[in-house]
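Notes for the one structure printed next.
The values are calculated or read from the model by the stated rules, or taken from the named source; none is laboratory data. Since the model is a prediction, treat every value here as computed from it, not as a measurement. All Cβ positions, even for glycine, are placed from backbone atoms using ideal geometry, and neighbour counts span all protein chains on display.
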Amino acid sequence: MARKSGKKAAEKAERKTATRTAPEAGTPEPLSQERWKCPVSHCDGWVSHVGSDEIAFWGCGECGSVWLDKDNLVREAREIVARFPYRAAFHEDVGGRLRPSRMIGFPGNSEKVEGEPVDTYPDFERG
Ligand SMILES: [Zn+2]
């Protein structure tokens, strides 16, 4: 789906985070290796970390949504699972901490996601 331009959102995030530093230390695995299923309704894309010494954010290459704070991405992931329980397959809850599922594919779930209502959040930047 081409609801929004991902490039435009990334540029916007870059402007807003120009003074940010690299992601905080102490995360269990390198952020750059995590791929989250996008928690935006109707989006079947993937969210990955875009980071350097100057900028850092989480972005979906499909719908262009951007999260400057991983906690907000995880919060939205929990919320979308509450709305659409089949999305629970996209994640693992390990000791109360949500992380991306290690599964490779999710048979049948793309069709379900595409049947969800189109998200109406007014901005690329979601938190
Ligand atoms: Zn998306």
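Values computed for the structure shown
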| read-out | value |
| --- | --- |
| Hits in segment 84-103 (condition: more than 15 Å from the ligand (Cβ to nearest atom) and closer than 14 Å to Ser41 by Cα) | Pro85, Tyr86, Ala88 |
| Residue match in segment 11-22 (condition: within 16 Å of the ligand (Cβ to nearest atom) and modelled with pLDDT under 95) | yes |
| Qualifying positions in segment 110-122 - out of contact with any helix residue (DSSP H, G or I) (no Cβ under 9 Å at 6 or more places or on another chain) and either part of a loop (DSSP other than H, G, I, E, B) or of a type in the set (A, V, I, L, M) (or both) | Gly115, Pro117, Val118, Asp119, Thr120, Tyr121, Pro122 |
| Criterion: within 12 Å of the chain's Cα centre (by Cα), of a type outside the set (A, V, I, L, M) and away from the ligand (no atom under 12 Å from the Cβ) - qualifying residue of Lys112, Lys70 | Lys70 |
| Sole exception among (1) part of a helix (DSSP H, G or I); (2) modelled with pLDDT under 90 for Tyr86, by number | (2) |
| Residue count, segment 32-67 (criterion: surrounded by fewer than 19 Cβ atoms within 10 Å (Cβ to Cβ), more than 15 Å from the ligand (Cβ to nearest atom) and in a strand (DSSP E or B)) | 1 |
| Some residue of segment 57-80 being of a type in the set (Lys, Arg), without any contact (Cβ under 8 Å) to a residue 40 or more places away in the chain and farther than 17 Å from Trp46 by Cα | no |
| Every residue from segment 114-127 that is in contact with a His (Cβ under 7 Å, 6 or more places away or on another chain) and surrounded by 10 or more Cβ atoms within 10 Å (Cβ to Cβ) | Glu114, Glu116, Val118, Asp119 |
| Extreme residue, modelled with the highest pLDDT, among residues of segment 57-76 that are over 18 Å from Pro122 (Cα atoms) and in contact with a strand residue (DSSP E or B) (Cβ under 7 Å, 6 or more places away or on another chain) | Val74 |
